[in-house]
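See structure below.
Here, each number is a calculation from the coordinates, and none is a lab measurement. Only a predicted model underlies this, so the values are computations on that prediction, with no experimental measurement involved. Heads up, the Cβs are rebuilt from the backbone with ideal geometry, glycines too, and the neighbour counts pull from every protein chain shown.
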Amino acid sequence: LKMRWVNICLLNRDGKPLWMSGRVGETLLNVVMNANGPVEGYGACEGTLACTTCHVYLPTEAYERMCQPTEDELDMLDLAVGLAETSRLGCQVVLKPWMDGMRVQVPKHTADLRGLADDGKME
Ligand code: FES
């Protein structure tokens with residue numbers, strides 16, 4: 001039985017490409033975490049859609065091919081620093097076989113938004 005591995009090229013904040021691999025069905029967040037956290041502060045809320053530190057820019061083709069973001073993801077993305085056309089939250093991106101070789105860009109800046117909601121500043 002062949003294991004379905006997907007290779008992802010992560011362009012880190014310093015612009016350096018980092019290759020990492022994960023299994024089909026895994027989230028991009030998991031892939032980055034399993035690579036020993038090469039991106040500082042990435043995935044602070046552990047995939048609970050509360051921080052936006054997992055924000056990434058995807059290639060346009062991949063963005064369009066991917067499942068639509070949920071309302072919850074869109075709400076969080078709206079608050080993300082440096083929001084762009086092909087922004088997604090890595091904790092919501094699930095690896096598919098066709099993503100093999102995909103280049104994912106980490107934004108230059110990010111913010112951990114946890115706590116905003118508690119302070120009532122979110123709205
Ligand atoms: Fe916090 Fe994705 S890991 S929103």
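Quick look at the values:
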| quantity | calculated |
| --- | --- |
| The stretch 50-66: number of residues that are surrounded by fewer than 17 Cβ atoms within 10 Å (Cβ to Cβ) and in contact with a helix residue (DSSP H, G or I) (Cβ under 9 Å, 6 or more places away or on another chain) | 1 |
| Close pairs from the stretch 95-109: first touching a residue at least 12 places away in the same chain (Cβ under 8 Å), partner β-branched (V, I, T) and surrounded by fewer than 17 Cβ atoms within 10 Å (Cβ to Cβ), Cβ under 8 Å, at least 6 apart | L95/V24; K96/V24; P97/V24; P107/V81; H109/V81 |
| Test: L49 is touching a strand residue (DSSP E or B) at 6+ places or on another chain (Cβ under 8 Å) and touching a residue at least 60 places away in the same chain (Cβ under 8 Å) | no |
| Residues that are part of a loop (DSSP other than H, G, I, E, B) and more than 13 Å from the ligand (Cβ to nearest atom), drawn from the stretch 82-105 | G82, L83, A84, E85, T86, L95, K96, D100, G101 |
| The one condition in (1) within 12 Å of the ligand (Cβ to nearest atom); (2) farther than 15 Å from R103 by Cβ; (3) in a loop (DSSP other than H, G, I, E, B) that D72 fails to fulfil | (3) |
| Residues of the stretch 14-39 satisfying the condition of being touching a residue at least 12 places away in the same chain (Cβ under 8 Å), in a loop (DSSP other than H, G, I, E, B), of a type outside the set (G, A, S) and away from the ligand (no atom under 12 Å from the Cβ) | V24, E26, P38 |
